[in-house]
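These notes concern the structure reproduced below.
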Amino acid sequence: MSIDLNCDMGESFGSYTIGNDESVMRSITSANIACGFHAGDPSVIRRTIRLALASGVAIGAHPGFPDLVGFGRREMKVTPDEVEDFVMYQVSAVAGLAAAEGTRLQHVKPHGALYNLAARDADIAAAIARGIAALDRSLILFGLAGSEVLIAGRAAGLRVAAEAFADRAYTPDGALASRREAGTVIHDPERVVSRVLQMVLEGTVQATDGSTVTFTAETICEGLLAFPMKYNEDHIAMFDQLKSETLQPAAATSRKHPPSRRPPASPPDMR
């Protein structure tokens, strides 16, 4: 069984350090790099690209709403045209810095409120897909399994990757439960690893009402692994074992090019 393991990275900016990138990078196969709107800055983006290359991790852009104060988690009233421009601007920034380091992007994954809005709003999803396709049709669009994002990506001629979240609770209809509700963000590392195995091997996850949600996931977001206050070195070692022994992620085993010049590796077949 092969699966791609992704995590949001490069979320520090200016004098603020956020996340645990150096430790986490060894446990994932794809990095979603903040593009400067909700987090990150040019120097952090470039440094994170270099870290991903040194770690053999594929690089993706993680565009969000222009909401630094709210970390991109507050929904904004914007038009599809504005969303298309937001996405093109941010993806171009990360792609340009990646090119300067002799590599290119593998994927794009919307962030936070933009991700959740696009999952249910066909017009916003289509705007994201258009923006990505206008820049580079070889990019893979990550989106919630069963969401409008995947439909829009395919319609735009993009490869798509159905995503599941190891540390987030699900509603019975397969949507992510709001972070504002108690118990919807899972902090127990053992439970997170168990959920990953269930998602990959059984294609199911338990919803908040106890029912079973069924889906096919091609990439798993490890979410809170990025934050050192949630996981210690023993916990990160659990994800190392998950990556190297249990799931054998295709994105981790297919890289044969030198780090400085290799093209990005792809997760399993995502058409």
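Where a number appears in this text, it was derived from the coordinates with a stated rule and is not lab data. In this text, all values refer to a predicted model and were calculated from it rather than measured experimentally. Neighbour counts run over all protein chains shown; Cβ positions are idealised from the backbone, glycine included.
Condition first: out of contact with any Lys or Arg (no Cβ under 6 Å at 6 or more places or on another chain), part of a helix (DSSP H, G or I) and not basic (Lys, Arg). Can you find one or more residues in the stretch 66-81 that meet it? Steps first, answer last, please.
Step one: filter the stretch 66-81 for residues out of contact with any Lys or Arg (no Cβ under 6 Å at 6 or more places or on another chain), giving 66, 68-81.
Right, trim to part of a helix (DSSP H, G or I) and you get 80-81.
Now drop any that are not not basic (Lys, Arg), which leaves 80-81.
Looking through the stretch 66-81, at least one residue is out of contact with any Lys or Arg (no Cβ under 6 Å at 6 or more places or on another chain), part of a helix (DSSP H, G or I) and not basic (Lys, Arg).
Give me the residue from the stretch 1-19 that is crowded, with 24+ Cβ neighbours inside 10 Å and not small (Gly, Ala, Ser) and, out of that set, nearest to residue 42 (Cα to Cα).
Here is the first cut: in the stretch 1-19, the ones crowded, with 24+ Cβ neighbours inside 10 Å are 3-11.
Still in the running and not small (Gly, Ala, Ser): 3-9, 11.
Values: 3: 30, 4: 26, 5: 25, 6: 21, 7: 19, 8: 16, 9: 13, 11: 11 Å.
Here the residue is 11.
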